[in-house]
Amino acid sequence: MSTEPMTVSDGLTYEKLALFIDGQWKSGEGRTEQEVTNPADGSVLGRLPHASQHDLEAALAAAQKAFGEWRRTSPLERARILRRVAELARERAELIGRNITLDQGKPLAEAIAEVRVCADHAEWHAEECRRIYGRLIAPRVPGVRQSVTREPVGVVAAFTPWNFPFNQAIRKIAAALGAGCTIVLKGPEDSPSAVVALARLFDEAGCPPGCVNVVWGVPAEISDFMIRSPYVRKISFTGSVAVGKQLAAMAGAQMKRVTMELGGHTPVIVFPDADVDSAARLLVQQKFRNAGQVCVAPTRFYVHEKVYDRFVATFLGEVGRIKVGHGLDPATRMGPLAHERRLSSMRSFVDDATSSGAHVECGGERVGLTGSFFAPTVITGVPESAQLMKVEPFGPIAPITRFAEFDEVMARANGLPYGLAAAVFTGSASIAQAAATAIESGMVTINHWGLGLAETPFGGVKESGVGSEGGTETFDGYLVTKFVTELHR
Ligand code: NAD
């Protein structure tokens, strides 16, 4: 069958790709397939079957049927399965991580860490689902009992992206299952192995058939079909602002709940009293992690004019040490971009910035002729009007610019319609607090990088999204409130 695992460059096989519907793996049988390729060299890794309309109907019906039982499952049983998923994920992190490197491109150590660290999401939801509480409200009339309970919303349709294929999917599945919902998830067709592996973990951990279903296909066709389905009561999407708005509009037309984790354009503000060298070194790590394809990656650097030259010098020195290469090479610190299409996008950001008078300090070019490699790029003197300062680059380009005054830099940081994450570096507690208060952003990290932990809420404001994943907020989007008042004389 065409979806048999293929032997790839290092002699091991790649994940066997399939749909997962009602506890069954499905592939072949005349389904359309697409090639999955390695962005480091263009080699074919496997063939991914697309869901037919019949498959989508079957997945949604299975999720609806399973919901009837799963919603009544004890939180202890949900927690047991989620904990087992975490254990299995940690045991298999190396294999799952290797396949992420192959189909997504990130260095192996980053890919393995994604699986290990994100096993925490399953555990966090296992713990928190035992604390989904209701409350009693004191009555106005004797004999009346007023109770509030929180119930699972129903079948969830989820759409996850390619940049952290394991992370994004485990968060959504764990939140849905922990709340008592069931889920049909469309993962990223370009980097599908982690989602297939995850479905296997849930299956092996004892998750009943129909609770977790995985489908693949043409994204717009699948989302259109699933969001319209009367079974689906909630939509959860991580991806670009443009697509998020389309899906939220479709969901809104049918009064369905949404969680939207969308893009941002993270401002980083370095005040003159900061530890400039250690800030620059930390920011290089965070900027070029996953080749900059991170929704909270630092993307606009505002450095105070008094420390600007020193910051740029340290930053450039650190960037010069980044080795770009195939993610399976242990020396590699930055792999290829996830797709060829991202290369032309990077090139147009650079061209636009230089035509606006900015200076390319390093990089700015594709690396090599095969694979989607783009050099770590630092650009200085970028005017606020350049595309790079207005549109999330989602790649390895760092624009650095100066500021002079607190109010001026806050106005520039808040000047975009996005508000996902922001970072501040300062030695002053009062500047830190003033900045944290002034910044319009769902998350602010000060003097370190501390975003995305299972126990902390992750989400944006303004056009960067609706709702939070993680933290004690994590189930809010998956639960509905029921008020019951009863009179007993
Ligand atoms: P894109 O907008 O085409 O796709 C982003 C993701 O959304 C992909 O996983 C894609 O499969 C999915 N998608 C696209 N159209 C969809 C639809 N109609 N229904 C359901 N899912 C759909 O962009 P791209 O070229 O793949 O990625 C680049 C942009 O995406 C970046 O500029 C970045 O802003 C955004 N992005 C954000 C995140 C994030 O974590 N917030 C992750 C990946 C990509």
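The values are calculated or read from the model by the stated rules, or taken from the named source; none is laboratory data. All of these numbers come straight from a predicted model, not from anything done at the bench. Heads up, the Cβs are rebuilt from the backbone with ideal geometry, glycines too, and the neighbour counts pull from every protein chain shown.
Quick look at the numbers
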{"quantity": "Residue that is within 16 Å of the ligand (Cβ to nearest atom), aromatic (F, W, Y) and either outside any helix (DSSP H, G or I) or in contact with a Pro (Cβ under 6 Å, 6 or more places away or on another chain) (or both), where the choices are F349, F288, F301", "calculated": "F349"}
{"quantity": "Flag for R90 being in contact with a strand residue (DSSP E or B) (Cβ under 9 Å, 6 or more places away or on another chain) and in contact (Cβ under 8 Å) with a residue 12 or more places away in the chain", "calculated": "no"}
{"quantity": "P376 being at pLDDT 95 or above, touching a Ser or Thr at 6+ places or on another chain (Cβ under 7 Å), within 14 Å of F288 (Cβ to Cβ) and surrounded by 16 or more Cβ atoms within 10 Å (Cβ to Cβ)", "calculated": "no"}
{"quantity": "Of all residues making up segment 161-191, the number that are closer than 18 Å to D103 by Cα and more than 14 Å from the chain's Cα centre (by Cα)", "calculated": "2"}
{"quantity": "Qualifying helices (runs of 4 or more DSSP H) (wholly inside segment 148-252; at least 2 residues being of a type in the set (S, T, N, Q))", "calculated": "165-179"}
{"quantity": "Verdict on A279 being of a type in the set (G, A, S), over 22 Å from I173 (Cβ atoms), buried (at least 20 other Cβ atoms within 10 Å of the Cβ) and away from the ligand (no atom under 16 Å from the Cβ)", "calculated": "yes"}
{"quantity": "Number of the exception - P336 against (1) buried (at least 17 other Cβ atoms within 10 Å of the Cβ); (2) out of contact with any helix residue (DSSP H, G or I) (no Cβ under 8 Å at 6 or more places or on another chain)", "calculated": "(2)"}
{"quantity": "Filter result (closer than 21 Å to A79 by Cβ and in contact with a Ser or Thr (Cβ under 6 Å, 6 or more places away or on another chain)) within segment 112-149", "calculated": "G134"}
{"quantity": "Tally of residues being of a type in the set (A, V, I, L, M) and exposed (fewer than 14 other Cβ atoms within 10 Å of the Cβ) across segment 40-72", "calculated": "1"}
{"quantity": "Extreme residue, nearest to E110 (Cα to Cα), among residues of segment 291-315 that are of a type in the set (S, T, N, Q) and buried (at least 22 other Cβ atoms within 10 Å of the Cβ)", "calculated": "Q293"}
{"quantity": "Scope segment 240-259; condition within 7 Å of the ligand (Cβ to nearest atom) and out of contact with any Leu (no Cβ under 7 Å at 6 or more places or on another chain); matching residues", "calculated": "A242, V243, Q246, L247"}
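Yes/no matrix, rows are residues, columns are (1) within 16 Å of the ligand (Cβ to nearest atom); (2) surrounded by fewer than 24 Cβ atoms within 10 Å (Cβ to Cβ); (3) within 30 Å of D329 (Cα to Cα); (4) among the hydroxyl-bearing types (S, T, Y):
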| residue | (1), (2), (3), (4) |
| --- | --- |
| A89 | no, no, yes, no |
| G97 | no, no, yes, no |
| K106 | yes, no, yes, no |
| W124 | no, no, no, no |
| R130 | no, yes, no, no |
| G134 | no, yes, no, no |
| G143 | no, yes, no, no |
| E151 | no, yes, no, no |
| A169 | yes, no, yes, no |
